Each structure stands twice: as C-alpha cells, then as structure tokens.
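What follows is a single structure, written as structure tokens, with notes after it.
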C-alpha cells in the first residue's frame, strides 16, 4: 500500500520527483563511475604487470634429459601456456674471419632454445634470419663486434681448453630481456635480474646440447653460488622456461592474478616433487602491482567518496526544497489517522521508487562518463554491467533514503518540538558535546605530521630495484580533515557570517543593503546549509583538480627521468658513432636538441654501478636537469660546468658518497669493463659532485662521467644512446619519426608518453586522468546543481515572507534581492572556503605523496582553467537560478499564500 | 460627493474548473470612499478575504474591473500592482505576517522604504515614532518570534502605517488573539483611523467587530447579501 501511495504522490508532483531523481542519480553516477573505473584500472594494472614480464618462470634442472622431461610435464599442466626446455651456457670467445681480417669477442653467453620457443615467450626479437639446427643466431651487438653477417661462419669455444666449434650464422636478434634470461637461478632467493653479458648468442637446444653444452659442466646446487656472480657463469644452466595463460591473469585485480599465479606454481611444483622449483618472475612483478593497486584503490576512494557524500548533501538540499510540501502532506495524512510508522513507511517506499529510478539513470550516466572520459572506455561485460547496476540501485536507494529520511525526521521532530516547546529543551548532538569536529581536525593534523615525517619508506631490495611501501593509514589525514571541516561548518551554523552581517548591517540602518545583511545574518543556519554543500563541493573540486594536475605533472616528470629525455634512441655499439645517429636524430622534424650518452657499468669496490658518459655541454639542451637532482654542491648548471672542466671528473650518487666517505676532489678508482678485452681494469676518476637523481639512471647508485674519458676507459666504439628534446612537439609523433629515420640501423626508439604508460613499477603510473576527469565533470555539474538548489530552496522556504513583502508594496527587484544577495554570500563564502580547504587538502595529499614522486614536486600545479570553470559554473547556476527565482516571484499566488497565515 | 478611491464592478473570482470549480465571488459591485470605515462581514468561505485581496490587488479577478485611485488594478501585471499598493494600500493580516528575519524596527523600515520609493512626494514614515505610537518602542529590536501575538499584530499595524496608507485592509485582525487583546488591537486601529484618516476595510466574521464600522457589507456565498447596514457618521 505504501508503494502505491508513494508512486501516486510522486506522479502527482512530476517536477519535484524529477529533481530528486536527477540529484540522487548524479551521486550514483559519480560512485558507479568510480566503481567501473576502479575495476578497469585494476584489470589494466594486472595487464600491465603481466605484459611487462617476458618470461614468467625459470626452473633450474640438472641435465638436458631432465630439462626435456620436466618441460613436457609442466606444459601439460592447466594454466600453463607454454613450457620449454632451454639452457644458458658460457662461451669464452667467438671468432669470425671476415674480409677485414679476424675479429674476436670476449666471453659471452648462449641462450639455447627449442623450436617454437618464441610462440609464447618473448625474450628476444629476430632482426634477420631464424634459429636453425646446427647454426647460431648472434645478438646484434655481438654481430656488430664480429662484423658477421648471415651465412658467415663463426667459431666458438666454451672455455679456454674446450674445442673450437664452428657454426653458420643463421640470424641476428635483439635479446630484449637479457637481465631475466641470463640471471643466476636460485629459487630460494627468487628473481635477481643481472647485468647482461657483453656478448650473447642464441642456438637451437639440440645443437647446443650436442656441442657447447657438452663442453662445460652443468650448474648444480653445489656450484650455483660461484656461477651466480654477474659475468661469472662457467657452467651450463639447464632450465625449464614457462609462460602462463594470460586471459585468467588479466581478468581481475593484480592481487587476484598474484593469487592465481602462486596457486598455479605451487600446483605445478607439487605435481613434480623434487624435480623442479621455479624462479617466479611473474609473481615478483604482480606483487609490486598488487601493492600499487591497493594504494591506487585507496587513493581513488579517498578522492571520490567525499564527492559522492557531498552529492548526497545536494540530494538532501533537493529534498529540503520540498519540505514545506512534505510537512503539509504529513499533516494531512496524520489528520486522516496515519501513524508515525505509516509516515516512515511511506518515506521508505518513496525512497525505494526514487532510488531504483536514480540507480538506473545514475549507473547509465556513470557508464557514459567512463566511456566518454576515460581512455579505453568502460569494457563492460554482462556480468560487470549487472554488478554495477545492482550496486548503483542499492546506492540510489540508500542515497534517496538518507535525503528523504533527513527531511522527514526534521519535519516530524519539528512537529513534536512545536508541541513540547515549553517543556523540552533540545540537547546538542553528541559529536558537538564531545567536540569530535575539533578532534578530527587535530587527528588529521597529527596524521599529516607523522606521515610527512615517517609515513613512507623506500625499501631498496637486494637486486637494487627500489620499491616503495606506503602506509594506507596516512590516508586518515585527508579523511579526518574532510570530516572535521564538515562538522565544524555544521557547528558554526553560519555564526561567523551572522556576525559579519550584523556588523555590516549596523552601518546604514534602513537601507536595503543593511536590511539584506540583517536578514542574511539571521538566516545563518540556512545559509550555512548552502555553504556546507556548495563550499565543500567546490573544495572537493579544487583539491581534486590541484592534486591531479600535480600528479599528472609529476608522472610526466617521473617518466622523463626514467627514460632520460622526450625521445631516446638506443643503438648497437658503434652504430651511433659510425652512422652519425645523433645527426640523423637531430635532423628529424620536431627534434630541437640531441645529446649522446654512453651507458656502461663499473665497480666501486665490490658494488657494480650504472655509469653514464655524457657531454655536459649539450646534455642540458636535450633533456631536463633540476637543481634538486644534485646535493650540496650548487645548481645543476654548476655541477655540469664542474664536470665539463674536469676531464676525469665524475658525479657520484649520494649513497656511494656516504658509503665510501667521499668528498669533492677525492680520487675514485673504478674497475671499468674494457669492452675490447672483456676484462675489468682500474681507471682513476676525481669526484666533482654528488647527484641523487639523473635522467635514465636508477634511483639508488650510479655515476656520471665525461663521455670521451669514459669511452677511452671502456673502449666503447661510441655512445649507445641518443637523447632528444622535442620542444613543443608530441613525443609520440617525433618518436615515430625518429624510429622511421633510424630503422635500418637496428635502433630502439622510446618516447616519454610510451614510458609514462609502460612504467609499471612506479606508483605514479596509476592513471589519475580517468578518475579525475570523471570527478571534475561531476564536481562542475554538482556545484552548479547545488548552487541552483540553494536558491530554489530559499525561495520555497520564504514564499510566504516574500508574498508579505510584495503585499506591502516592495518591488520584485527588492524582494528578489533577498534571494540573490544570499546566493552571492553563499557563492563568495564557498569560493573562499574552497580556496582554503581545497588548497590545504591538495597540499596534504601532495605532501603525503611527495616521496612517491620521483623527483618530488617543486610546487603544486594549479589548473586555472578548470578552477575558473568550476567557479564559473557555480556562479552561472546562481545567476540562472536567481533569474528563475525572479520569474517565480512574479507568479507568486499572493492571495493564496497570505490567506490565514 | 467626492470620487471613490476604490471601485469594484462585476467582480467574479473562480478557482478550479469542471467539477472542482468554485466561485469565490460572483458579480460584486462596491465603492470605497476616502476615509470611510467599512466592514466586510461573513462566515468562513463567504468570500470576504478574497474581496479584500481583490481590493488590494493581491488577486486578479476572473471577471470585472477593480480600480485604485482611478487606476485599473485588474489589468496591471504583478510589478505594477505592487507599485500601486505602494501608493497607499496597507495590509494587516490575520496572522501578522511579519518578516521573520527582520526586527520590529526593520519590518517598519522595509515598508517605509518601499513606500518612499513609490511616493517620493510623501515624507517617509519614522519607524521609531510608529512603534511608540503602538506602544512597542521597547521592542524595537525584537524579532517577530520574540513577540507575543498581540505585540506582533501591533507591529503589523505599525508596519501598515509605515506605508502612509490611504486605505488600510485588515483581514480578521483579531482572529488569532484572545478577546481582551483583540479588543485592544481594534481600539488601536480605530484610534489610528481617526488620527490618520485613511479608509479602513475590515474583513470579519464577528458582528461585534463589524459594528465598529460606519458601513457593513455582508457576504454570503460570494455574493453581497441583501442586508447592508450603514451607520450615520
């Protein structure tokens, strides 16, 4: 019966019903959009984490036969897409007799693979030819060193005393995952990506087993340790390499993928007891992604939930606009014998109907928003659509119920309070008596302070890959700030505004301005209601916009720091110098500057560190260096200048400076790999500065030296990377042009846009654009709606008062002034509140995540265009609503309103 | 004899349509003379409040013409009718209808201001003097919610006086008051009527209240009844 009555009531007032449905639908749309986005984001994170793993499992075994048997059994397991028997083995030298004479390489490593290996495993890419029985495929760098081509014959020996074996060159390849393929395998330690060998080749497994594989002893548990040093593999590592089915892994969150991957590995290992245990590269990657996804979910929720809650506040405003009508309806129903229970039942039925409608519309809106505003769209399947729809309807019912019961309760309470006014004194709510608002604000400040000091920890794991560990508890800071600020605003009830209005109205008594201010001052609670909703919405928009703009800015900076420059071109040894790669890149339209970089490795004591040879003169023209990258020794340009002036100068990372008690001017002897002989030898450098970040360098330990001096020490035939700046041109476009211009040289070209998407190990790669676009759009719409509703609610509440004003001869302009002046006050106070609270909130979020950003932001990015649009939308809505209000005033039924009042 | 300040000719007011059609007034003709005291007497629903609203331009008749100071109120839009009211029509409602967020003084100041804008020739009323006149100088800064019913009605009367009215329309001015307070309010209105000389129209269901007027028009089901009493001045 309640449903029938509710439907009848809603149909009788179509405008009022539509307003409530639309406002609740907007709140639902925001939340359902967020749910869809988070689902997509998690699946994207899983895909990215899985895509970034070229080789899932590597299981060391002791012999060729065992390798084949185990691989066959693993391949038969459910969830395993491919398992191949493979091996890696050393060669002491490779020799090629060509037209220019005999050329030899130093020691290197062979990857032995069976036919069909590349069907599902992506550790190398063929540039020419193919892997064939009896032949050898040379890594492009080795092929360049040997000056060998397809059809030539190269001779290789496993170690100094081993026989020399001859192989026809059947292909040239680029080994894309050498750090994984050639890593020392110790399942109890896990993945330990290693320095790639200087020379590498690929061979058919059968051929390898018959030749080089026979010449060296197998790696076993007994000699694994001695083989685990980079470049020290002396034995043959027989190993089963396996790749899992991708589809089940990418269907859910990284946590679900991690669980599935672990379960599959455990099952496979259990089914082959004592035969194989895997080094799990996949779980390692998924583990990081799972941590990042927890962080991103928390961040998304933190960013979206306040907006959705404030959207419910707008729904409350919408319901409040009809509270007078509700009061009359309730009075009528009571007069007809309805009990309190009936009235609550009717409100529940009405909420149910409105909630279902709003849930359907809101979910559709949320879906449309994700489809339109998020790159890649919503990826909706039937299952996800039904789940989201159910969630949307539940949210709609809850939202409609919260708003409706809020009003019903106030109407019923007012009714009761009116009858007991002389005897009942209303107590303050508990949160006011116990000052929970101030406690929340203090808690927020405390969490913020603790977080800024200790809330993060950068953990550098043994393989020198830094990972970040964030405490989700630090998100209590902004959450408590929202709660505290909202409650404080409710407590104040516009008293500050009333105080200001009272002082202002006392100046020129009797003028319209003073009367408007006096009235506004006494309507503090009503104005405060508008201020709470509109101000918090605007603050939400401001904090979100500033934070996401800063986040995007830092993600871009992070990507550039990781990659090195807008566009980079990595070349095989010697190519950059001999083929004038720098000149070719510089000639590409859109490239404004280039600089050569040589990336190699050197030992500081026992620590192997990345070493970069640069040209200080052109480096800063082709990429960005910030002063914050350098510690204690002046600006970026001063450090570059010092390096340029010191031929054997070297910039050393902060960690190394500390560990080895180094100071500027100190002599630093490095063991540098001589690429000609393949041996390390000692080279003297002098420390000229301390560096903590550098383009393309890892986050922990590295060094930067002058390119000519380093090349002389390493014997490298020129730089192996060219950095290019694109100025204002799109890095993606320019990168494609560079790739096209350098295609024949076997150059690998990357751009910063691609890098921003691909860097899955960094927290800043969580795509904020999608969710921030959705929320910014809703913030604008909701701010406009809230402002409009405030004005219309004020009219609805003051109809009788305004009718009386008109009756005493006031012009409609004067009557209307009571509406628009309050709208102006709410708008002005809301903008001031939003500017303050929004800025503090954004500052808090950015500061909390400062150490996640690499490098930390120098200052917050302010998206003025969006902030202007946000304030403009609220102002426009206020103007439109005031204009609408004036029209309504013109049509006020004065006689009806003033009768018996 | 001078021209009437207000006239009603063939006034009909109809609400709703079809089976819900209600004729609140039907064919009312009425003249109002300057300074006269008229009572509109009738039971609840007889149409007296509607006629009062027609005279004050708050309601536009469905048919017929109404004039105020020679100006055809019924053909004006809402804004123009408001201006016409500002030129001398004061209102006292049954429920005071004070502006709840303005003090007693500010209620008067608002009305005085509206009148001053429409009638630059008239000296603006002094709210303090008017509050003193109705005996509420001490309640100058009180908000309507802080006033008793009688005090609120006296402020409403003072607010109507702030409009420097030539016609004061009172709709059951004692309807919400106890009899003693009601009597005092009626005495006050009579005294002010004598002092300021405005025309006074009081809608009432109480014959005793109507008896205070110089002329009584009885309404019955939206029409003027046969009985119209006139008391010689």
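Look at the stretch B:48-56: the mean tally of other chain Cβ atoms within 10 Å of its residues' Cβ atoms is 2. The Cα center of segment A:664-725 and the Cα center of segment A:109-130 differ in position by 32 Å.
Beta bridges from DSSP with both residues in the protein assembly as shown: antiparallel share about 70 percent, rounded to the nearest 5. Going from the fewest other Cβ atoms within 10 Å to the most, the residues A:203, A:802, A:640 appear in the order A:640, A:802, A:203. The label point for residue A:382 and the one for residue B:34, both projected 7 Å from the Cα toward the Cβ, are 8.8 nm apart. Model label points for residue A:65 and residue B:21, set 7 angstrom from Cα along the Cα-to-Cβ axis, are 11.1 nm apart. Please determine, in degrees from 0 to 90 and to the nearest 10, the orientation of helix A:340-373 with respect to the longest principal axis defined by the Cα atoms of chain A, where the helix direction is its Cα long axis. The answer is roughly 40 degrees. On C-alpha positions alone, give me the angle between the axis of helix A:254-271 and the longest principal axis of chain A, in degrees, nearest 10. Result, in degrees: 40. Projecting label points 7 angstrom from Cα along Cα→Cβ for residue A:637 and residue B:191 puts them 8.9 nm apart. Three principal axis extents of chain A based on alpha-carbon atoms, in descending order, are 116, 63, 49 Å. If R0 equals 25 Å, the separation of the Cβ atoms of residue A:500 and residue B:140 corresponds to a calculated FRET efficiency of about 0.65.
Projected onto their three principal axes, the Cα atoms of segment A:1-51 cover extents of 57, 22, 9 Å, largest first.
In terms of surrounding Cβ atoms within a 10 Å radius of their Cβ, A:839, A:820 rank from fewest to most as A:839, A:820. For the pair segment B:50-103 / segment A:802-873, the C-alpha centres are spaced 40 Å from each other. Here segment B:101-233 carries DSSP beta bridges of which approximately 50% are antiparallel, counting only pairs with both residues inside. Peptides B:51-58, A:555-562 ranked from most to least packed, by the mean per-residue count of other Cβ atoms within 10 Å: B:51-58, A:555-562. Computed across segment B:104-194, the Kirkwood radius stands at 13.3 Å (inverse of mean 1/r, all Cα pairs).
If the segment from residue A:270 to residue A:592 were pulled out straight at 0.36 nm per residue, it would be longer than the present Cα-Cα gap by 110.2 nm.
Going from the fewest other Cβ atoms within 10 Å to the most, the residues A:435, A:448, A:551 appear in the order A:435, A:448, A:551. Helix A:64-75 axis versus longest C-alpha principal axis of chain A: approximately 20°, rounded to the nearest ten.
With Cα atoms as the point set, segment A:39-195 shows a radius of gyration and Dmax of 17.6, 61 Å.
Percent of alpha carbon pairs in segment B:40-90 separated by more than 18 Å? Cα-Cα pairs of segment B:40-90 separated by over 18 Å account for 28 percent. Per-residue shielding of A:163-174, expressed as the average number of other chain Cβ atoms within 10 Å of the residue Cβ, stands at 0. A Cα-only calculation for segment A:534-687 places Rg and Dmax at 19.9, 72 Å. Look at the alpha carbon pairs under 8 Å that are at least 6 residues apart: their mean separation over the length of chain A gives a relative contact order of 15 percent. Using only the Cα atoms of segment A:31-127, each taken as one equal point scatterer with no solvent, compute I(q) by the Debye sum, divide by I(0), and report log10 of the ratio at q = 0.11, 0.24 Å⁻¹. So the normalised log intensities work out to -0.57, -1.26. Here the Kirkwood formula, the inverse mean of 1/r across different C-alpha pairs, assigns chain B a hydrodynamic radius of 17.9 Å.
Bear in mind these aren't lab numbers, they're just calculated from the coordinates by the rules spelled out. Predicted model, so just to flag it, every value in this text is computed and none were measured. Don't worry about glycine lacking a Cβ; one is built from the backbone with ideal geometry, like all the others, and counts go over all protein chains shown.
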